[in-house]
Amino acid sequence: MEKKIKLENVDLVQLFGINDSNLKTIEKKIDVTFFSRGENLIIQGNEKQCEQSTKILNELTYILKKNGELKVSDLEQVIDIVIINNGEVETVFPKDVKEDIILYTKNGCIKVKNPKQREYLKKVRENDIVFAIGPAGTGKTYLAVAFAIAALKNQEITKIILTRPAVEAGESLGFLPGDLEEKINPYLRPLYDALDDMIPTEKLQNYIEKRIIEVAPLAYMRGRTLNNAFIILDEAQNATSMQMKMCLTRLGINARAIITGDITQIDLPSKTASGLVEIQNILKNIQGIDYVYFDKNDVVRHKLVKDIIDAYEKYISK
């Protein structure tokens, strides 16, 4: 079959790519043929191929108009979404590609990668406090930072607070070099890494200097009231009961929070209860608070991470 689409008010050179490189990539991946005639683009292929190609071009047009440019990574990500699940468009796009995109960054777009992350996104949109609990590599912290930056860009909040308990994981703060701030920084490094991925260096430095974005140990939160803020408590399994209560009661007017942690990786002294374990019973059935539980099947890091988690689970269960 042959389908004609009209592409208006868009830079066709950028959309099609240099020497039509973007169109050629789509042709190769979807097995269609394009013919360009001014603002009209003719697609030749079967019904599903034409539908997929149209979907890809619509999403690329949206990204181009929003960002003013198209990157190779944008093209690859959109095509990947379409061809997953044997190309069944309706299962890939329960609403639309845009609904799965959390944030556009200097490196492309950040989007959900599996059903559990889609559930995470939905619950964050619908609740003021969300607990994300599960193993390493499931995207709990990285997506939480993306949610917060998206809210800042959309002017939903004016401040982002990222915090962690400074609890040793087999190492001692006392033996680390430098003053207190230099000793604590290694614990906060994963949060800075996520920020570095999503915000240009100079802009991030400006945000930090103006305290629009704060990265600090959990102990520094005591006594504060955080209005118009997005708070992320990471590694919450290492927060005591009192620290968890202290953090959650910092929320002021128009404040939101995401609490992430892995209850299988608690580094607290053996007789100290984890606030993250207790809170699941304390705050259950409260409107505006919800939970997302990840497992090893939701890991999105290196393919071996899932196998490593599985191997440890089997070893511990012996």
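Side notes on the structure shown:
- Residue within the stretch 243-252 that is part of a loop (DSSP other than H, G, I, E, B) and basic (Lys, Arg) present: yes
- Pairing each residue of the stretch 21-39 that is free of Cβ contacts under 8 Å to residues at least 60 places away in the same chain with any residue that is polar (S, T, N, Q) and open to solvent by 50 Å² or more (accessible area, probe 1.4 Å), provided the two are 6+ apart or on different chains, yields C-beta distances under 7 Å for GLU27/THR33; VAL32/GLN44; THR33/GLN44.
- The set of residues in the stretch 106-122 that are in contact (Cβ under 8 Å) with a residue 40 or more places away in the chain and β-branched (Val, Ile, Thr) contains only ILE110.
- Looking across ALA148, ALA132, one residue alone is buried (at least 23 other Cβ atoms within 10 Å of the Cβ) and either at positive phi or touching a Ser or Thr at 6+ places or on another chain (Cβ under 9 Å) (or both). It is ALA132.
- The condition of being surrounded by 12 or more Cβ atoms within 10 Å (Cβ to Cβ), charged (D, E, K, R) and more than 19 Å from ALA146 (Cβ to Cβ) holds for only one of ARG222, ARG256, ARG250, ARG211, that being ARG250.
To keep it simple, each residue is scored yes or no on (1) at pLDDT below 85; (2) surrounded by fewer than 11 Cβ atoms within 10 Å (Cβ to Cβ); (3) part of a helix (DSSP H, G or I).
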| residue | (1), (2), (3) |
| --- | --- |
| ILE279 | no, no, yes |
| ILE286 | no, yes, no |
| ASP290 | no, no, no |
| VAL300 | yes, no, no |
| ASP307 | yes, no, yes |
| ASP310 | yes, no, yes |
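The values are calculated or read from the model by the stated rules, or taken from the named source; none is laboratory data. Keep in mind it's a predicted model, so treat the numbers as computed, not measured. So basically every Cβ, Gly included, is an ideal-geometry build from the backbone, and we count neighbours across all protein chains shown. Side chains included, ligands, DNA and RNA excluded: accessible areas come from the protein's heavy atoms. Shrake-Rupley method; radii C 1.70, N 1.55, O 1.52, S 1.80 Å.
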